[in-house]
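Everything below concerns the one structure shown next.
The values are calculated or read from the model by the stated rules, or taken from the named source; none is laboratory data. Bear in mind that the values here come from a model prediction, so they are computed numbers and not experimental data. Don't worry about glycine lacking a Cβ; one is built from the backbone with ideal geometry, like all the others, and counts go over all protein chains shown. Please note that ligands, DNA and RNA were not included when accessible areas were found on the heavy atoms of the full protein model with its side chains. Shrake-Rupley method; radii C 1.70, N 1.55, O 1.52, S 1.80 Å.
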Amino acid sequence: MPLYLFSSPAAAKLATGPHASLHRRRQFLFRVPHRPSRRAPLLTSAAERPAGRTMATADTGASTVTDSRLRGVKQALISLSDKTDLANLGNGLQRLGFSIISTGGTASSLEASGVNVTKVEEITQFPEMLDGRVKTLHPSIHGGILARRDQEHHLKALKEHGIGTFDVVVVNLYPFYDKVTSGAISFEDGIENIDIGGPTLIRAAAKNHKDVLVVVDHKDYPALLEYLEGKQDDPDFRRTLAWKAFQHVASYDSAISEWLWKQSNKADSFPPSFTVPLTMKSTLRYGENPHQKAAFYGDRSLSLVNAGGIATAIQHHGKEMSYNNYLDADAAWNCVSEFESPTCVVVKHTNPCGVASRHDILEAYRLAVRADPVSAFGGIVAFNTTVDEDLAREIREFRRPTDGETRMFYEIVVAPGYTAEGLEVLKGKSKTLRILEAKRRRSGKGTLLSLRQVGGGWLAQEPDDVTPEDVAFTNVSERAPDARELSDAKFACLCVKHVKSNAIVIAKNSCMLGMGSGQPNRLESLRIAFRKAGEEAKGAALASDAFFPFAWNDAVEEACQRGVAVIAEPGGSIRDQDAVECCNKYGVALVFTGVRHFRH
């Protein structure tokens, strides 16, 4: 014999009335135990009564009109994972006369804050099921969200099926991003943290934003309440909330997509398609030039979590960062992060013009500036060590080597940390000096993609994370480099990968002496580097980012004639043998790395 469960006295009455047969069939399909409630009378569902019929409530005997607008009842649906400021929202909506419908933990939190709540299952007359996977996926919820209020047949359908409208939907999602980036998580746990009902509610409300206000960010609660209290009718406000809702879901889905791709295609860095989730961190005064507008965005790709870099730097002092400041600071930080020993890098126009490594970071700083003091003035200074009081004072007081009087001026100082005393001293150098604290960039081998825009598309590549430790320096000349020369060659190669092509770096004793960059031909870059290095180039190492296509009466021979001790280059030219013979003639060691470091 079938089991009939009556959810209210009125339902029991229906079961013995003229529609008893229909009602029994429905109650057999929806066996819902009666849940006594101290909350406001509910909008009843079609499962409790014949279509189009109203039902007297047990408490008041008043007629319940299924269209909430006709009853004068405004409804808000709230379902939140992040419950920040929930009490303020709930009390604010209740004060404005809203009946609040909610789910599980959100309902409990609202009730604890003194807010009257109707639970979703009392609207749907169906319990949460499948471990919470199904709770809001129901016509009684989505019908009330998606119905257009300017369409009579929509409202007629709602009334026929006993569905009330929703005026406000406030939803945020399972913390998928936080879960999969918090450490080791099983594939199954990752899947269970993918929200389904939440995005569906958000998309439905955003689609029908003309009639439904959708909120996905607790920072928008005050604006929502102000809008409702003022009984405003601003379509731009509604559209802005709808845009934010769709963007929220798009970013959420991009994280899931990225995670799933890496779970199933660990060896392939390049998915057939992917979405980059960008979040604006600030607008900028202008772009590369004053007539160009600009903004700065943070990349929330899973692969970049805890990857460090300038985008996550903390600014302790100085003017706001500009477009060019970010480019230069990024170049300086990427370069200095390559070195393990205490190192200072000075950058101008994204090129390192001074690099030095020493056990004494003060000495490293002085040497890096002296490599090209003209370019260093107005540049960016980066350190891979904590800036203490002594170093800060040296940065503050160091005089320009060209005249010994003028204090060096910098746009930015960036380091992994500062002592309290060091920070205080450095702040005294200039009100405008930007002081950044950045995390060291994590190696991205096989995990990160470097993106660059071209007209109508993007180029993607793995970062150039090859270090001298990854390279076999193969001697191809009659004279092999000694230990010091080889060390200098490795240092020069580590520098040259950060210099714009065509790139030449001359270095000695872990110090850049001169560099040439960005020239259409390598010979011109070489001459610029030697002009900066001067007489110190004798006995130094020279590194080239790519092979030398010509040797005799060209770059290789000129380098040999100027007295370098060793040349390091990738090799691979059809004229490699000319380079070997030229070096042999002058007694210069030549090593091939097999690795090119073009940087366009």
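Each Lys or Arg adds one and each Asp or Glu takes one away; over the other residues whose Cβ falls under 13 Å from the Cβ of ALA551, this sums to -4.
Pairs exceeding a 19 Å alpha-carbon distance, out of LYS266/LYS497; LYS119/LYS159; LYS508/LYS532; LYS439/LYS500; LYS281/LYS500; LYS281/LYS319: LYS266/LYS497; LYS119/LYS159; LYS439/LYS500; LYS281/LYS500. DSSP beta bridges confined to the chain are antiparallel in about 55 percent of cases. Once neighbouring chains are kept in place and the probe is 1.4 Å, which whole percent of the accessible area of the chain is contributed by carbon and sulfur? Carbon with sulfur: 51 percent of the solvent-accessible area. Per residue, the solvent-accessible area of the chain (1.4 Å probe, heavy atoms of protein chains only, all protein chains present) comes to 48 Å².
Cβ-Cβ distance of ALA250 and ASN521, R₀ of 45 Å, FRET efficiency by 1/(1 + (r/R0)^6): the value works out to about 0.45. Rounded to the nearest 5, what is the percent of antiparallel bridges among the DSSP beta bridges in the range 470-592? Expressed as a percentage, antiparallel bridges in the range 470-592 total about 60.
Working note: Cα atoms of the chain, range along each principal axis, descending, whole Å: 112, 51, 40. Listed by chain and number, the aspartates and glutamates whose C-alpha is less than 13 Å from the C-alpha of LYS431, apart from same-chain residues fewer than 8 away, are GLU320, GLU411. Extending 7 Å from the Cα toward the beta-carbon at both LEU451 and LYS156 defines two label points whose distance is 4.9 nm.
The Cα trace of the range 78-150 gives Rg and Dmax of 12.8, 37 Å, the first to one decimal, the second as a whole number. Sequence-distant contacts, meaning Cα pairs under 8 Å at least 6 residues apart, place the relative contact order of the chain at 8 percent. Once the Cβ-Cβ distance of ALA87 and ARG440 is raised to the sixth power relative to R0 = 30 Å, the FRET efficiency obtained is 0.15. Mark the label point 7 Å from the Cα of THR240 along Cα→Cβ and return the residues of the range 276-310 whose backbone N is within less than 19 Å of it. Once the point is set 7 Å along Cα→Cβ of THR240, 279-284, 295-296 turn out to lie under 19 Å by backbone N, inside the range 276-310. Helices in the chain, meaning DSSP H runs of at least 4 residues, each add -39500 (n - 2.57). Divided by all residues, the mean residue ellipticity at 222 nm is -10500 deg cm²/dmol. What FRET efficiency comes out for the pair THR385/TRP458, r = Cβ-Cβ distance, R0 = 35 Å, nearest 0.05? Plugging the Cβ-Cβ distance into 1/(1 + (r/R0)^6) gives 0.45.
Extension gain, GLU288 to ASP217, is 22.3 nm, computed as 0.36 nm per intervening residue step minus the present C-alpha separation. The distance from the alpha carbon centre of the range 465-533 to that of the range 346-365 is 15 Å, rounded to a whole number. Counted residue by residue at 0.36 nm each, then reduced by the alpha carbon distance between them, the extension gain from PHE473 to GLU405 reaches 20.2 nm.
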